[in-house]
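Here the structure is laid out as structure tokens; the discussion comes afterwards.
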Amino acid sequence: ASKMAAPTKHALSLQILAECGTTKARVCKMKLPHQVVDTPVFMPVGTQGTMKGVTCEQLKDLNCQLILGNTYHLGMRPGPDTLDKAGGLHNFMDWNRALLTDSGGFQMVSLLKLAEITEQGVKFESPYNQKEMLLTPERSIEIQNSIGADIIMQLDDVVHSLTTGPRVEEAMHRSIRWLDRCIKAQGRPHDQNLFAIIQGGLDKDLRIQCLKEMVKRDTPGYAIGGLSGGEEKDKFWRMVSLSTDHLPKNKPRYCMGVGYAMDLVVCCALGVDMYDCVYPTRTARFGCALLMDGQLQLKNKQFANDFQPVDKDCVCFTCQRHTRAYIHSIWNFSTVACQLLSIHNIAFQMRLMKNIRESIMEGRFPEFIRSYFKDLYPDKN
Ligand code: GUN
Ligand code: ZN
């Protein structure tokens, strides 16, 4: 029987191409209105309708199929009126592949100290005009409908992953109520896919309760939220594993805010299909290059006369054309250095995900994991 999900009930279909026989990893084709996306996929973050230092053309050259934007930032600038006039963000930023927008609550709570969460929504002071603003689930969806991304996220009540006590339970229940409000407010179900976001902190029972309630809502996909905030890896990975155990197989699973190579490898083994993180591009802006066996701080003096490419195994523009010494030498004088590193770091993430997909397709993902960890911790073997 075909594993294809029923078409056009939602604007998404997921075709499972291969499953690992040992782990929960899978390779899928996720059909979205603007792009067929190969999963597991890493989504670079272009918060404001641009990837800092990287053009859309360059993203296409890097084989990015799906990128992420943020409702909070885009709702402020350019704002929904401009987005409506531009015919949505795809048109406005000239990106004709897939887009996903996060709902805004998480960014607000993590960026603004003054944000206050009530049952109505997230109240905050605008950093642009100091006016008091309220982001409700309905408003978040309305803005995301104007942005027009292929995948939109529910407004959720996110607490830091190290929070304990009744606040975690409150946030979980509120996220379910806000999901219902988002589903009601969703104006474009035919061409935008609303994903639920599982909350519940590091508490197994709360997670399961949340999973059961949200799976009942039968959204086109599910995100695992509230993790990757500095908790122990063991606890983080257990929550992810528990989540994929309870999520339907025929829908995409998205682990939010995850982008360290090790976490990508492990979470793919746990059956996650999608990831996003600012880390690769943010760390590039601090002079840091990602490599399979660790990272390089190219601002360090030791690279002044290092004429190797950033990464000898990488075929990105930066590694084909430039040396570590060049990037080191122009670092303080030109933003080009930072652009070159951003390109490499995105290429690194794309290559890692491609290697993961190919190893699953070829039935050798367990070997891939072993060799990945062996390279990362050579003296532990
Ligand atoms: N980004 C990283 N984690 C989260 C989360 O839990 N919720 C939302 N909305 N965005 C996130
Ligand atoms: Zn490179």
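The values are calculated or read from the model by the stated rules, or taken from the named source; none is laboratory data. Computed from a predicted structure; not experimentally measured. In this analysis, Cβ positions are derived from the backbone assuming ideal geometry, glycine residues included, and neighbour counts consider all displayed protein chains. All accessible areas refer to the heavy atoms of the entire protein, side chains included, with ligands and DNA or RNA removed. Shrake-Rupley method; radii C 1.70, N 1.55, O 1.52, S 1.80 Å.
A cut-off under 9 angstrom between Cβ atoms defines the neighbours of H328, and their net charge, with Lys, Arg +1 and Asp, Glu -1, is +2. When each of the peptides 326-333, 230-237, 20-27, 266-273 is scored by how many other beta carbons lie within 10 Å of its residues on average, the order from highest to lowest is 266-273, 20-27, 326-333, 230-237. Using the Cβ-Cβ distance between L111 and T22 with R0 set to 35 Å, the FRET efficiency from 1/(1 + (r/R0)^6) comes to roughly 0.30.
Where Rh denotes the Kirkwood radius from the mean inverse Cα pair distance, what is Rg over Rh for the range 334-381?
Details: Rg = 14.6 Å, Rh = 12.5 Å.
Rg/Rh: 1.17.
Per Stokes-Einstein, at 25 °C and 0.890 mPa s, what whole-number D in µm² s⁻¹ belongs to the range 292-364, with the Kirkwood radius over Cα pairs as the hydrodynamic radius? D = 187 µm²/s. Seen from R174, the other residues with C-beta closer than 13 Å to its C-beta sum to a net charge of -4, counting Lys and Arg as +1 and Asp and Glu as -1.
Computed from point charges on the beta carbon alone (+1 for Lys and Arg, -1 for Asp and Glu), the dipole magnitude for the chain about its Cα centre is near 400 Debye.
Using the Cβ-Cβ distance between H173 and N300 with R0 set to 45 Å, the FRET efficiency from 1/(1 + (r/R0)^6) comes to roughly 0.40. Select from L66, G104, L17 the residue farthest towards the positive end of the dipole of the range 1-124; place +1 on Cβ of Lys and Arg, -1 on Cβ of Asp and Glu, and compute about the Cα centre. Among L66, G104, L17, the one farthest towards the positive end of the dipole of the range 1-124 is L17.
Surface composition of the range 242-331: carbon and sulfur make up 52 percent of the accessible area, probe 1.4 Å.
On a C-alpha basis, how far is the centre of the range 91-143 from the centre of the range 356-381 in Å? Whole number, if you could? Comparing the Cα centres of the range 91-143 and the range 356-381, I get a distance of 39 Å. Each of G200, V45, P137 was scored by the projection of its Cα onto the charge dipole of the chain, and the greatest displacement toward the positive side belongs to V45; charges sit on the C-beta of Lys, Arg, Asp and Glu. With 26 Å as the limit, the listed pairs K249/K354; K29/K60; K299/K374; K24/K374 have K299/K374 beyond it between alpha carbons.
Viscosity 1.002 mPa s, temperature 20 °C: what is the translational diffusion coefficient of the chain from Stokes-Einstein with a Kirkwood Rh over Cα pairs, rounded to a whole number of µm²/s?
Working: Rh = 21.3 Å.
Roughly 100 µm²/s, to the nearest whole number.
Look at the alpha carbon pairs under 8 Å that are at least 6 residues apart: their mean separation over the length of the range 22-85 gives a relative contact order of 29 percent.
Taking a ≥ b ≥ c as the square roots of the eigenvalues of the Cα gyration tensor of the range 116-259, is the shape rounded (a/c under 1.5), prolate (a/b larger than b/c) or oblate? The shape class here is oblate. Here K235 is the anchor, and the aspartates and glutamates within straight C-alpha reach of less than 13 Å, apart from those fewer than 8 places off in the same chain, are D203, D263.
Inter-part distance, the range 165-198 to the range 10-49, computed on C-alpha centroids, equals 21 Å. For K131, the lysines whose Cα falls under 18 Å of its own Cα, not counting residues fewer than eight places away in the same chain, are K113, K123. Taking 7 Å steps out from each Cα toward its Cβ at R188 and L162 produces label points 3.9 nm apart.
Short-range pairs are left out: with C-alpha atoms under 8 Å and at least six residues apart, the relative contact order of the chain is 17 percent. Positive contributions from Lys and Arg (+1) and negative ones from Asp and Glu (-1), summed over other residues with Cβ under 12 Å from the Cβ of D94, come out at +1. From helices alone, the chain scores -12000 deg cm²/dmol at 222 nm; the rule is -39500 (n - 2.57) for each run of n ≥ 4 DSSP H residues, then divide by the residue total. Beyond 19 Å, the tail of the calculated P(r) for the range 10-103 holds 47 percent of the Cα pairs. What the chain shows is 44 Å² of accessible area per residue, with the surface traced by a 1.4 Å probe over protein heavy atoms.
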